[in-house]
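What follows is calculated from the coordinates using simple rules that are stated; it is not laboratory data. This one's a predicted model, so the numbers in the text were calculated from it and none came from an experiment. Don't worry about glycine lacking a Cβ; one is built from the backbone with ideal geometry, like all the others, and counts go over all protein chains shown.
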Amino acid sequence: MKTILDKQQLHLAILRLAHQFLENNHSLHDVVFIGIQPRGVLVGTKLMDCIRQLCPGENIQYGILDITFYRDDVRDELHVANTTEIPFSIEDKNVILIDDVLYTGRTIRAALDAIQDFGRPKKVELCVLVDRRFNRELPIQPDYCGKAIDTVISQKVKVEWDKEAVVLY
């Protein structure tokens with residue numbers, strides 16, 4: 001077990017991501033944020049808290065997306081869906097998908113399929129807390145990344161919110 005981000009580094013990574021959003025988007029009027037269930041929602045909530053502190057009074061649109069029935073890599077199990085809450089239109093908006101760890105790219109592919117049911121965005125960007133750069137199965141790369149790490153297939157990366165750390169097993 002190795003700590004990739006400790007509590008202070010985790011908070012700094014989230015703050016840095018929030019600042020990058022604000023640098024790249026002069027106005028948040030046409031930007032919507034969507035956390036991917038389940039773990040991307042935890043990252044998204046922290047990011048939205050940070051952005052709301054940096055932009056008081058700004059209307060920040062944040063939703064959550066369940067991709068359970070859009071996955072192509074889990075087929076023989078009984079699936080229990082999570083909640084999807086997108087109480088705004090994504091039509092012609094800049095959608096920023098948020099997840100905790102990018103590994104094979106299959107979760108993001110499923111999320112791209114799922115958001116099409118809600119409209120046609122102008123642009124879709126990806127924000128991840130941790131990018132596992134190797135072993136990608138699909139050509140998906142993050143636009144915003146808190147920490148990029150090199151791992152082997154046998155290792156696991158876990159964001160442990162109770163300890164406020166990112167750990168490599």
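In the chain, the DSSP beta bridges split such that about 25 percent are antiparallel, to the nearest 5.
Estimated from the Cβ-Cβ distance and a Förster radius of 35 angstrom, the FRET efficiency linking Leu168 and Asp117 is about 0.50.
Ignoring lysines fewer than eight residues from Lys93 along the same chain, the ones with Cα atoms less than 21 angstrom from its Cα are Lys122, Lys123.
Zone of Gln8 (label point 7 Å along Cα→Cβ, backbone N under 15 Å): which residues in the range 138-169? Inside the label zone: 165. Extension gain, Arg71 to Glu91: 0.36 nm times the residue separation minus the Cα-Cα distance gives 4.9 nm. Using the alpha-carbon positions of the chain, Rg (one decimal) and Dmax (whole number) come out as 15.6, 47 Å. Within a straight-line Cα-Cα reach of under 18 Å, Lys2 can be paired with the following aspartates and glutamates, leaving aside sequence neighbours fewer than 8 residues apart in one chain: Asp100, Asp131, Asp150, Glu160, Asp162, Glu164.
The order of Phe69, Phe118, going from fewest to most other C-beta atoms within 10 Å of their C-beta, is Phe69, Phe118.
Rounded, prolate or oblate, given the Cα gyration tensor of the range 69-169, with a/c below 1.5 counting as rounded?
Prolate, because a/c is 1.5 or more and a/b exceeds b/c.
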